[in-house]
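Here's the structure we're looking at; comments come further down.
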Amino acid sequence: MLLNKKLIGLATGILCSLSAVAHAEPIEIKFSHVVAENTPKGKMAIKFKELVAEKLPGKVTVSVFPNSQLFGDNKVLEAMQLGDVQMAAPSLSKFKKYTKKLQIFDLPFLFEDMASVERFQKGAVGIRLLRSMERKGLIGLGYLHNGMKQLSASAPLRVPSDAKGKKFRIMSSDVLAAQFQAVDAMPVKKPFSEVFTLLQTKAIDGQENTWSNIYSKKFFEVQEYITESNHGVLDYMVVTSKSFWDSLPKALRTEVKSALDEAIAYGNDIAAKKAEQDKQLIIDSKRSQIINISPEQRQQWVNAMKPVWKRFERKIGKDYLEAAVSSNQ
Ligand code: SIN
């Protein structure tokens, strides 16, 4: 009799826990970013959400918050560590508080093109950099491309002296500040969400960004000139908090990572196409004049800005710099 009661109790317990598992809430990944949905990052995040829904139904859901809806530049990484958001892909220029090493990506005229950036990110140093913030509680899950940066302004910029005395919005990076100081301009660190208004109200004269950001955020409507300078790269690191990542069961972590890798490959493909498409849309709009500088003019910008490398060499690491230079085959 007693044995029967025990067996019934045990069976009830097992059924209860099975039904709890069956009805367990899926794990929610909030993915926060600052750009429009029609950008490489915006599209990558949506693709990730779709892939997770397809591969892990009922187990994991992804909610995407674009356009700084949930957190802007300055808050997202703190929010991640507090568990208020699980994934983000800030520009590589926005990790200064967590590591100085990623400043390498901001050095002007370091990478010749996106193929060089890709080679560097896929190489030993690029892979090591994904782990450079682990002690601060952040894990890099992969790089995502946006593209090469261009300079936009309310006056034509052909040679470095054209930038003298002008105010340029920059991301929160000391290398970018030094880059504009090198041409006697005034860098102003501001979040992405404020750039359009700053340009529209003429509180600043210019900014640097990729074709897709200039197009999707309509900067070209409030900037008369865009110099095709390709002077630096704007790429992203998809990050999560170590505590969130470690809390995922191993099998789920593998599945989430594989969905993310697929979404990143998709986003990178879009980045390559969008750079050209959005540049053409800007040209077609006739709102902004594109300035093509001559090789001699470009060399003047290189000569003015390249000394910035030396200033940051110690913090970044000479070996890292050499690896980046050699990625320009
Ligand atoms: C982004 O592409 O995520 C924003 C870049 C910027 O702040 O200029």
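Between beta-carbons, use under 12 Å as the cut-off and find the net charge around Val125, counting Lys and Arg +1, Asp and Glu -1. After counting each charged neighbour, the total is +4.
Under the convention that each Lys and Arg Cβ holds +1 and each Asp and Glu Cβ holds -1, the size of the dipole of the range 47-93 around its Cα centre is about 180 debye. Computed over the alpha carbons of the chain, Rg followed by Dmax gives 22.9, 96 Å. Remark: the Cα gyration tensor places the range 26-90 in the oblate category, a/c being 1.5 or greater and a/b not exceeding b/c.
Across the range 111-127, rounded Karplus estimates of 3J(HN,Hα) from the backbone phi angles (6.51 cos²θ - 1.76 cosθ + 1.60, θ = phi - 60°) give 9, 6, 7, 5, 5, 5, 4, 4, 4, 5, 5, 7, x, 4, 5, x, 5 Hz, Gly and Pro being marked x. Using 0.36 nm per residue and subtracting the Cα-Cα separation, the extra length available between Gln300 and Lys242 on full extension is 16.5 nm.
With Cα atoms defining each centre, the range 236-251 and the range 33-107 are spaced 12 Å apart in the structure.
Could you give log10 I(q)/I(0) at q = 0.14, 0.16 Å⁻¹ for the range 146-277, computed by the Debye formula over C-alpha point scatterers of equal weight, without solvent? So the normalised log intensities are -0.70, -0.83. Using θ = phi - 60° in the Karplus curve 6.51 cos²θ - 1.76 cosθ + 1.60, the 3J(HN,Hα) couplings for the range 161-174 round to 5, 5, 8, 4, x, 8, 9, 10, 6, 10, 6, 7, 10, 5 Hz; x is entered for Gly and Pro.
Taking every DSSP beta bridge that has both residues in the range 88-229, what percent is antiparallel when rounded to the nearest 5? Please report the intermediate quantities before stating the final value.
Values: 7 of 13 bridges.
Percentage antiparallel, nearest 5: 55.
Each Lys and Arg adds +1 at its Cβ and each Asp and Glu adds -1 at its Cβ; summed about the Cα centre, the chain shows a dipole of about 900 debye.
Charge tally for Pro160 (other residues, Cβ to Cβ under 13 Å; Lys, Arg +1; Asp, Glu -1): +2. Considering only Leu151, Leu199, Leu248, the Gaussian network model of the chain with Cα springs below 10 Å gives its largest mean-square fluctuation to Leu248.
Summing charges over all other residues whose Cβ lies under 12 Å from the Cβ of Ser91, with Lys and Arg as +1 and Asp and Glu as -1, gives 0.
To the nearest 20 debye, what is the magnitude of the charge dipole of the range 46-164 about its Cα centre, counting +1 on the Cβ of each Lys and Arg and -1 on the Cβ of each Asp and Glu? Walk me through the numbers on the way to the answer.
Details: 19 positive and 11 negative charges, 79 e Å.
For this selection, approximately 380 debye.
Rounded, prolate or oblate: which fits the range 129-222, taking a ≥ b ≥ c as square roots of the Cα gyration tensor eigenvalues, rounded meaning a/c under 1.5, else prolate when a/b beats b/c? Prolate.
Angle, helix 250-285 long axis vs. longest principal axis of the chain, Cα atoms, 0 to 90°, nearest 10? So the inclination is approximately 30 degrees. Considering only C-alpha atoms, what is the centroid distance from the range 282-303 to the range 185-201, in Å? So the separation of the two Cα centres works out to 21 Å. Quick one: helix 295-305 against the long Cα principal axis of the chain, what's the angle to the nearest 10°, folded into 0 to 90? Computed tilt is about 70 degrees. For the chain, the residue among Val308, Met44, Ile204 whose Cα projects farthest onto the positive side of the dipole built from Cβ charges is Val308.
Considering only Pro187, Pro249, Pro66, the mean-square fluctuation computed in a Gaussian network model of the chain, springs between alpha carbons under 10 angstrom, is largest for Pro249. Identify, among Gln277, Ile170, Phe111, the residue whose Cα sits farthest towards the positive end of the charge dipole of the chain, taking +1 on the Cβ of Lys and Arg and -1 on the Cβ of Asp and Glu, with the dipole about the Cα centre. Looking along the dipole axis, the top candidate is Ile170. Looking at the chain, the DSSP beta bridges with both ends there are about 55 percent antiparallel.
Every read-out reported here was derived from the displayed coordinates using simple, explicitly stated rules and does not represent laboratory data. Remember, it's a predicted structure, so these values are computed and weren't measured experimentally. So basically every Cβ, Gly included, is an ideal-geometry build from the backbone, and we count neighbours across all protein chains shown.
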